[in-house]
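Here, each number is a calculation from the coordinates, and none is a lab measurement. For clarity, every value in this text was computed on a predicted model and none was experimentally measured. Cβ coordinates were reconstructed from backbone atoms using ideal geometry, including for glycine residues, and neighbour counts include every protein chain displayed.
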Amino acid sequence: MKTVALTVNGSVAAAAVEPRTHLADFLRETQNLTGTHLGCEHGVCGACTLLIDGVPARSCITFAAMCEGAEITTIEGLDHDEIATELRAAFTREHGLQCGYCTPGMIVSARDVVLRLEDPSEHDIRVAMSGNLCRCTGYVGIVRAIQGVIADRRGRGIRAIPDGGRQVLGPAGSGHAAATVSPAAGPARAAASAKATPRQAAATATGAAHAGSGWKPQTTFNQSFTVAHPVDVVWDFFGRVGEVASCLPGASLAGEPVDGHVEGAIKVRVGPIAADFHGVADVTRDEATRSGTIIGSGKDSRSNSATRGAIGYTVKPGESPGRTRVDVTIGFTLTGMLAQFSRSGLVQDVANRLIGAFVQNLEARLAHQGDGAPAPAVAAEFDAGSLMASLFRDRIRRFFARLFGRA
Amino acid sequence: MKPVNFDYARPADVGAVLDLLKDDTRLVKLIAGGQSLGPMLNMRLVQPDLVVDLTSVTELKRIEERADEIVVGACITHADIEDGRVPDVTRGALPKVANGIAYRAVRNRGTIGGSLTHADPSADWVSMLSAVGARVTLRGPSGSRTLPVEDYMLGALEADLAPGEILVSVTIPRLSGQARWGYYKSCRKTGEFAHAIGAFVVDPERRISRAVFGATESRPVVVADARHLIGEVDRTAPARDFDAATADATLADGGMADALDRQMHVVALRRALEQAR
C-alpha cells in the first residue's frame, strides 16, 4: 500500500492504495465517486473516460500512482462546466442516452470534441467519438446533440481550441510528483510460492495428458527435410526423447521417460508475456511404420494457462542410400489466460518462429550425429526476439535477392 | 480484470531506470503511457514483479530540433505530435498519422517510444516512422546505440532490446520541401487494430523513395528503394506508376501466404499513393 494524493474535482483526495489500483477504482472505491463507470476495463469501451490535467484519458488503464499530484475531473466535477451543461441539455433533447451506462464517458469525450473541433462534419464527429461505445441509442442522438452544441457555440462566436489548451509534453497526469525509487518491501508475490506450484501443476496435468487420445490441436505445422544419415541412426535419435526435446528452445525434461511417460517444462517469452509451462508427455513409437509421437500438456501457474502440444515424426529412406527423409508434424492448443490474447495472427507468428527453430535445431543435431562434434547449443528459453533475428535475416536476404536479382 | 499486485518505482533519470533493470531476479516491466501494457496487465497476460514508471524522467519528455532532424524523447505522446507541441519536420505526415491513432483519450497518454517497443505489427508508428526513415536510440549498461526503426522491431511484440536496455529517443529526419508522403490503414472499426497499412515517402531532393507494408502479422515489409514499385508519384495522378503485381510479389516474398491478405496490403499502399500529400 502506498498513499496516493491527487486533486479530484478541485479538492485534495488521498488514499492508501496498491500500485496496481487504476484511477477508476481509486475514485470509485476510495472517494465514492461512482459516476466514473467501468465497462470493458481494458481501454476499449470508453465508459471510464475522464479528464486528467484537463484532457480526456482512460481511467481503467491509467494507474492512480502514475497520476500522483495530477488534477482529475470526473463527471461529478462537470456539474457547472459550461460545455458539459450544454451537452446534458442536448443529450436530453436528442435522446442521447437510454440506460446511461456510457453517458459519463460520452459527455467527457463529447466535451473534448466540442472544445477542440472547429467545424466538424457528422463523419468527423463519429470518428472522434468512436472510442466510446453505446449499446442503446445507435449514436444518432449523441451525434445530433454534439452537432447542436457546436453549431450553437460557434454561432455565439466561441472558437475551438484544437490542442485543448495543453502546454506540456508527455502523458497526461505525469510529471507532478517527485520521483521515488521505492525499493519496496520485497516482491509482491513471494518467489517461494511461485516455485512451489510447478510440481502441483505437473500433477494436475498428468491426467490431462492421458485423456488426450481424441484431442486435435488447434494449429498444426508440417515440415519435411532430408539428413545425410541412415534411417536406423535417425530412428534411434528420435528414441532419445531428451535430445529431441532439447531441440525445442526453452524445453527441458525432468528425467528419462518411464513407461513412455516423462515430466518436463518449456519456457516461452514473447514481448512482455512470460510463461513457464510444466507438465508431462506421453511417448509412443511404432517400429513397423518407423513413426512416433510425443504428446505433452502443461500448465503455467503464473498465468493459469494450459497448453497441449504434439510432435509426430516419420523417418523413411531418402532418395539416395545413406540418406533419411524426416516428416515432422507439430501441433498445439493454448487455453486459459494467455489464450484470451485474441490476436491469433500474432500467436501464429510466434508459434511459427518457435517451430522453425525446432526444425533448424533438429536438422543441426542430426547433421552432427556420429561426426563426433559437440551438439550445437540451444537457447535455454524461447525468446521470440533473438530467434526472429536469425530466421528473419534469411527471409530478408531471400527477399532482396529476388527483388534485385542478386544474392 | 485487475492486474496482479506489483511493486512500483518512479525513477528520476535514465541511470536510475537502468539500475532497476539490473535486477534479473524479478520480472521488471517499463511503463510509459500504459495504453498497451495497461490492458495486458489488466488481463493478466503480463504479470510483473516491478513496474517502472518512466514518465518522471525529464530527459524522455524532451525534444531537440536540429537543422536536418528532430530528436523526440521516448515519452512524447501521440497527442503532443498531433497538436504540434512537437514541431513538425515531416510536412504534416506525423501529425496526420498521430491523429489517427486509437482515440483522443488514448493519444493523451500513449507514447511514441512505448508504441515502438510494444512492437505490435498493427501499430501506426512502426510503419510510418519506417517510411520516413526514423531511427531509435537505445541506452543500456554497455552504452548507447542507434538503429533504424524497422530494425528495432524483430517480430510481433518483440523489439530489439537487450537485457537492461531502454529506448530513450526517436530521431526523425526533416523532409525537404519537395517531399511527398501517404498513409492508409484499413480498420473494420475506427481506432481499432489495423488489418493492413500502406505508407510511402518520396523526397527527390534527398534521393529517397521508401514504401512500407504494415500491419502484417510480424514486422512491416519495408522497401528501402521503392522507385520500381511506386514510380514518380505524379502530382495529378500519384498512383499512376504503382505496380500492383510487384507489390504482390514483394509481399509473397516477405512471407505473406494468404492472397486476400496480400490484396488488402496492395490496396492499402495504392490508397496511400492516391492520397499523396
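Side notes on the structure shown:
- Each Lys and Arg Cβ is given +1 and each Asp and Glu Cβ -1; about its Cα centre, the protein assembly as shown then shows a dipole of about 760 debye.
- Within the shell of other residues whose beta carbon sits under 13 angstrom from the beta carbon of B:Tyr184, the net charge comes to +3, with Lys and Arg scored +1 and Asp and Glu -1.
- Excluding same-chain neighbours fewer than eight residues apart, the aspartates and glutamates reachable from A:Lys216 by a Cα-Cα span under 18 Å are A:Asp282.
- Residues whose placed amide H lies under 5 Å from that of A:Cys45, excluding near-sequence neighbours: A:Cys40
- Residues in the stretch A:105-120 carry Karplus couplings, in order, of x, 4, 5, 5, 5, 5, 4, 5, 5, 4, 5, 9, 9, 5, 9, x Hz; the curve used is 6.51 cos²θ - 1.76 cosθ + 1.60 with θ = phi - 60°, and Gly or Pro positions show x.
- Rounded to the nearest 20 debye, the dipole size of the stretch B:180-274 about its Cα centre is 320 debye, using +1 on the Cβ of Lys and Arg and -1 on the Cβ of Asp and Glu.
- Fewest-first ordering of A:Met129, B:Met256 by other beta carbons within 10 Å of each residue's beta carbon gives B:Met256, A:Met129.
- Reachable aspartates and glutamates, given that their alpha-carbon falls under 12 Å from the alpha-carbon of B:Lys185 and they are not under 8 places away in the same chain: B:Asp124
- Peptide A:106-119 shows a mean partner chain C-beta count of 1 within 10 Å per residue C-beta.
- For the stretch B:58-173, with +1 on Lys and Arg beta carbons and -1 on Asp and Glu, the positive-most of B:Ala67, B:Ser144, B:Asn99 along the dipole: B:Asn99
- Entry for the protein assembly as shown at q = 0.07, 0.10, 0.12 Å⁻¹: log10 I(q)/I(0) = -0.52, -1.02, -1.35, Debye formula applied to identical alpha-carbon scatterers, no solvent contribution.
- The region of chain B that goes longest without hitting one of the GluC sites (Glu not before Pro) in a DSSP loop, each with at most 16 other Cβ atoms within 10 Å, is B:1-191.
- Across the stretch A:82-167, the convex hull enclosing all Cα atoms gives 89 Å³ per residue.
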